[in-house]
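Presented below is the structure to which this report refers.
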Amino acid sequence: MRQSGQSRRLLIGAAIGGGLLIALIFFWIGYAARPPPDTSGLQALADRYRALGRHERGFTGQSVRAAVRRDEIGRHLSSLASRPHIAGTPGHQATADYFRDVLSGLPGFEVFTRNYSVPVGMTVGQGESLFTIVYSNGTVVESQRQEKELVKLNLTDQVPPILSFTPSGNVSGPVVFANYGKERDFEYLQQLNVTLSGAIALMRYGGVGRGKKLVNAAAYGCIGGIVYSDPADGWAVPGRLDDVYPNSWWLPPTGVQRGSAKMRQADPQTPAYPSLPFAYRDEFDEIKQQTDPPVFSPIPGYPVGYGDAMKLLGVLEGANISSYVKGGLPIDYRAGGSFAPGVDHARLVVNNRILEGVNAVNVFAEMKGDLEPDRYVLLGNHRDAWGAGAVDATSGSAVLLEIARMLGQFYSDGWRPRRSILLCSWDVEEQGITGSWEWVEDRLPQIREKVVAYINIDIAVRGNYSIRTNADPLLQEAALQALKNLPAQDGGTMFEEFKRRWLDQDYKLSVPIGSSDYSAFIQTAAVPIIDASYVADPKYSSYYPLYHSMYETLPVMESIIDPGLRAHGEVAIWGVEMLRLLSETWLLPYDEAALIANIRNRFNSATPPSQWGWPASAAKYDKYVNDTWKEFDSALTALEAESARLGSAVQQLQERIDAGSEDIDPMSVRGFNDRRMRVMQTLADPGALLRDKTLRNLVFSSQTEETEISAGFPGLQDLLAVAKKRSNETEIWKQIAQHVSALVFRMHSLRYQLQDSGL
Ligand SMILES: [Zn+2]
């Protein structure tokens, strides 16, 4: 039985085996008779898919340092800073052509432009704005109409002192000294019984923006504003006012800081929309009427040097307020309101105009990524400058061109970035961050879908102490990583050098928000941003003294600020490595935990609703907000837990990538990257920042109001500042309640984005 069973099975096995063999033969004949299917396409596809997992370094920090050429930076700097180039002038038009020419000659780049038609503020003619002190005997003392010593510099097309977008006017009256022009400075003068109505306010730079000073002055009845740079604010060394330009970098008494006094960035005629030919434009007369919040100052404003400010201060009477002011001029600071004997009045004459339809030319150079061409890393700088602009921002323009040249060189050597790189030369930044903002408004959906990060280099070099990188929390670690990857000039890494420089201070990076071309990227598009600049030792100057004056020239840069252009080279090296890091790293180097921690800090340090001063008339919203505020806290706790989960998932994936695992699905990495790329965007709310509809980021936006209360969130802070002034209006408290609710919703929204789940 056993044996016969075995043989039967053998027989059956042979029959099946033979049958199969015959079938195979027939199959093979049939197969051979047909042309073989083309698997080369599939194979190519599989190869391409596998290649998406490429994660080696294309070039090293050493090779970046070896590639930089300071002579090239110097060449661009001398070409671009040879004459003033504020938008709307011939010097300015030439810079767009220069950029197009240089960038078009580089390997690997495609160059194109995006233009917008925008207004810029200018003076009427040359030197027609000024102030005068008129004596009873007929003597008239005039302010200077232009910086002196310019003839020696041989600069043509000088830009007269201006606070652009302030109205023209010819006003006369007493002068009051209103310190920084903050609301509380005017309150202080009021307490001293100084008559503000009908007066011209003399104010110093700092504390609040140019436009805000004038708006505050107008709110207290002043009819004009004069702004100057007081030595005490880092523009010169009090007590050593002879040690100034051209012997040093300190501002001489004749140096004048120009600037925009517009209160809303970008083209004010097309808020939230790009200034394209078909765009609907609000009329200037309408915009001038807007007061909540205001866009333009209602009164004329004019900037002067501290030499001229001293002439005015010297004839003021009234209370001695030197201990309140803490200024740096060798003079008693008096509240004013009346003049010294012999002086009859002061007069301020401002002749400004708005030049409409200026062509803002943004020049772009794109290097396509070979693996993920539809994901972009951007690096931008603005090309316009108030004067020759050797510091602001021509130092950055020259560095951008050198970064482009280095990338072109690596491209020629065979390097291809994983993601696309887009270099952006912005226009009309100095008149309220216009060129970049219009482009962001124009391409908003595409930017939000495709942009991994925006890197900003405005002023590349304003001192020779150390590089200083700032970033939003998502990218602060990455900004430092780029420094870790780069060798320092004298051994060690650039990060070690950076740490040494900032060790005795808190070297935590800050979040740049509202004063350069990164603004629209973080405030409107809500994409991650980084900013860098080589800065002076903050012990000596928090900024740079010749800022926006006609003395920002090539000799100052080359002989005083950055001899040998060493600092320029360092910023160029950092820029290239930052671009490499963000365009090449397979798993994007974001730090969500830092973002959540930043928001948590804001919440914890915020003044709670119970102390906001709800009036009885708005009690129903008070009760509502108290509950919402508790919900805010628990939403953050849930967010922290979610962020921790994401953090460990990222770490695990990164470990597999570092270990060279072969089984990582590129599609899932891409999905992971995309989800994280849009984390910040969940904070963007088109409707909740009611004070300014061009701003959307509920956490990282500038404020429009001066606030004393700590609320941590700009929209909330603005609303509370308004509520303080109009505390009995129920409507504003309703808006506050709505805003808090929107904030909590956005915290949930952020958590959904961190979650690895469906809808
Ligand atoms: Zn600038």
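The values are calculated or read from the model by the stated rules, or taken from the named source; none is laboratory data. Please read these numbers as outputs of a predicted model, since none were measured by experiment. Note that we place each Cβ from the backbone using ideal geometry, even for glycine, and neighbour counts take in every protein chain shown. SASA here: full protein model, heavy atoms, side chains in, ligands and nucleic acids out. Shrake-Rupley method; radii C 1.70, N 1.55, O 1.52, S 1.80 Å.
Scanning the range 98-124 for residues that are in a loop (DSSP other than H, G, I, E, B) and open to solvent by 40 Å² or more (accessible area, probe 1.4 Å), which turns out farthest from Ala385 (Cα to Cα)?
Pro107
How many residues, within the range 328-337, are in contact (Cβ under 8 Å) with a residue 60 or more places away in the chain and either open to solvent by 30 Å² or more (accessible area, probe 1.4 Å) or touching a strand residue (DSSP E or B) at 6+ places or on another chain (Cβ under 7 Å) (or both)?
Residues flagged as in contact (Cβ under 8 Å) with a residue 60 or more places away in the chain and either open to solvent by 30 Å² or more (accessible area, probe 1.4 Å) or touching a strand residue (DSSP E or B) at 6+ places or on another chain (Cβ under 7 Å) (or both) within the range 328-337 amount to 6.
Give the residues of the range 501-537 that are of a type in the set (Val, Ile, Thr), touching an Asp or Glu at 6+ places or on another chain (Cβ under 6 Å) and part of a loop (DSSP other than H, G, I, E, B), sorted by residue number.
Within the range 501-537, Val511 is the sole residue that qualifies.
In the range 628-651, which residues are under 15 Å from His748 (Cβ atoms), without any contact (Cβ under 8 Å) to a residue 40 or more places away in the chain and open to solvent by 70 Å² or more (accessible area, probe 1.4 Å)?
The answer is Lys630, Thr637.
Here's the yes/no breakdown for (1) in a loop (DSSP other than H, G, I, E, B); (2) touching a residue at least 12 places away in the same chain (Cβ under 8 Å); (3) under 22 Å from Ser168 (Cα atoms); (4) in contact with a Lys or Arg (Cβ under 6 Å, 6 or more places away or on another chain):
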| residue | (1), (2), (3), (4) |
| --- | --- |
| Ala266 | yes, yes, yes, no |
| Gln269 | yes, yes, yes, yes |
| Tyr273 | yes, yes, no, no |
| Leu276 | yes, yes, no, no |
| Tyr280 | yes, no, no, no |
| Ile287 | no, yes, yes, no |
| Pro298 | yes, yes, yes, no |
| Tyr302 | no, yes, yes, no |
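Cβ-Cβ under 6 Å, sequence separation 6+ or interchain: first residue in the range 568-586 and at pLDDT 95 or above, partner part of a helix (DSSP H, G or I) and open to solvent by 10 Å² or more (accessible area, probe 1.4 Å). Which pairs?
What qualifies is Gly569/Arg70; Ile573/Arg65; Glu577/Asn485.
Quick one: would you say Ala393 is within 16 Å of the ligand (Cβ to nearest atom) and crowded, with 19+ Cβ neighbours inside 10 Å?
Taking the combined requirement at face value, the residue satisfies it.
Among the residues of the range 217-264, count how many are touching a Gly at 6+ places or on another chain (Cβ under 7 Å), in a loop (DSSP other than H, G, I, E, B) and among the charged types (D, E, K, R).
Within the range 217-264, residues that are touching a Gly at 6+ places or on another chain (Cβ under 7 Å), in a loop (DSSP other than H, G, I, E, B) and among the charged types (D, E, K, R) number 2.
Check the range 500-514 and report whether any residue there is over 18 Å from Ser542 (Cβ atoms), more than 16 Å from the ligand (Cβ to nearest atom) and not assigned by the TED database to the domain that holds Gln257.
Yes.
Let me confirm something: among Thr270, Thr195, Thr254, which residue is among the hydroxyl-bearing types (Ser, Thr, Tyr) and within 15 Å of Tyr547 (Cα to Cα)?
After applying the criteria, what remains is Thr254.
I need the full set of residues from the range 258-292 which are aliphatic (A, V, I, L, M) and closer than 28 Å to Pro445 by Cβ, in order please.
Met263, Ala266, Ala272, Leu276, Ala279, Ile287
How about the range 526-548: which of its residues are surrounded by fewer than 24 Cβ atoms within 10 Å (Cβ to Cβ), away from the ligand (no atom under 15 Å from the Cβ) and either of a type in the set (A, V, I, L, M, F, W, C) or at positive phi (or both)?
Of everything in the range 526-548, just one residue is surrounded by fewer than 24 Cβ atoms within 10 Å (Cβ to Cβ), away from the ligand (no atom under 15 Å from the Cβ) and either of a type in the set (A, V, I, L, M, F, W, C) or at positive phi (or both), namely Ala536.
Quick check on my filter: what residues within the range 549-567 are open to solvent by 10 Å² or more (accessible area, probe 1.4 Å) and either in contact with a strand residue (DSSP E or B) (Cβ under 8 Å, 6 or more places away or on another chain) or among the hydrophobic types (A, V, I, L, M, F, W, C) (or both)?
Answer for the range 549-567, where residues must be open to solvent by 10 Å² or more (accessible area, probe 1.4 Å) and either in contact with a strand residue (DSSP E or B) (Cβ under 8 Å, 6 or more places away or on another chain) or among the hydrophobic types (A, V, I, L, M, F, W, C) (or both): Leu554, Ile560, Leu565.
Is at least one residue of the range 675-690 under 30 Å from Ala46 (Cβ atoms), open to solvent by 40 Å² or more (accessible area, probe 1.4 Å) and outside the structural domain of Pro445 (by the TED database)?
Yes, the conditions are met somewhere in the range 675-690.
Is there a residue in the range 740-754 that is farther than 26 Å from Ala261 by Cβ, without any contact (Cβ under 8 Å) to a residue 40 or more places away in the chain, of a type outside the set (Val, Ile, Thr) and in a helix (DSSP H, G or I)?
Yes, because at least one residue in the range 740-754 is farther than 26 Å from Ala261 by Cβ, without any contact (Cβ under 8 Å) to a residue 40 or more places away in the chain, of a type outside the set (Val, Ile, Thr) and in a helix (DSSP H, G or I).
Residues that are without any contact (Cβ under 8 Å) to a residue 60 or more places away in the chain, outside any loop (DSSP other than H, G, I, E, B), outside the structural domain of Asp185 (by the TED database) and more than 22 Å from the chain's Cα centre (by Cα): does the range 698-720 have at least one?
yes
Of the residues Ala365, Ala346, only one is more than 16 Å from the ligand (Cβ to nearest atom) and closer than 28 Å to Leu423 by Cα; which?
Ala365
Ala340 is checked against (1) open to solvent by less than 50 Å² (accessible area, probe 1.4 Å); (2) away from the ligand (no atom under 16 Å from the Cβ); (3) in contact (Cβ under 8 Å) with a residue 40 or more places away in the chain and fails just one. What number does that condition carry?
Condition (3) is where Ala340 drops out.
Take the range 477-500 and flag every residue that is in a helix (DSSP H, G or I) and open to solvent by less than 10 Å² (accessible area, probe 1.4 Å).
Selection gives Ala478, Ala479, Ala482, Leu483, Met494, Phe498.
Could you check Gln289 against (1) open to solvent by less than 30 Å² (accessible area, probe 1.4 Å); (2) closer than 30 Å to Asn359 by Cα and say which number it fails?
Of the numbered conditions (1) open to solvent by less than 30 Å² (accessible area, probe 1.4 Å); (2) closer than 30 Å to Asn359 by Cα, the odd one out for Gln289 is (1).
Taking the options Arg54, Arg48, name whichever one is assigned to a helix (DSSP H, G or I), more than 27 Å from Gly564 (Cα to Cα) and modelled with pLDDT under 95.
Being assigned to a helix (DSSP H, G or I), more than 27 Å from Gly564 (Cα to Cα) and modelled with pLDDT under 95 holds for just one of Arg54, Arg48, which is Arg48.
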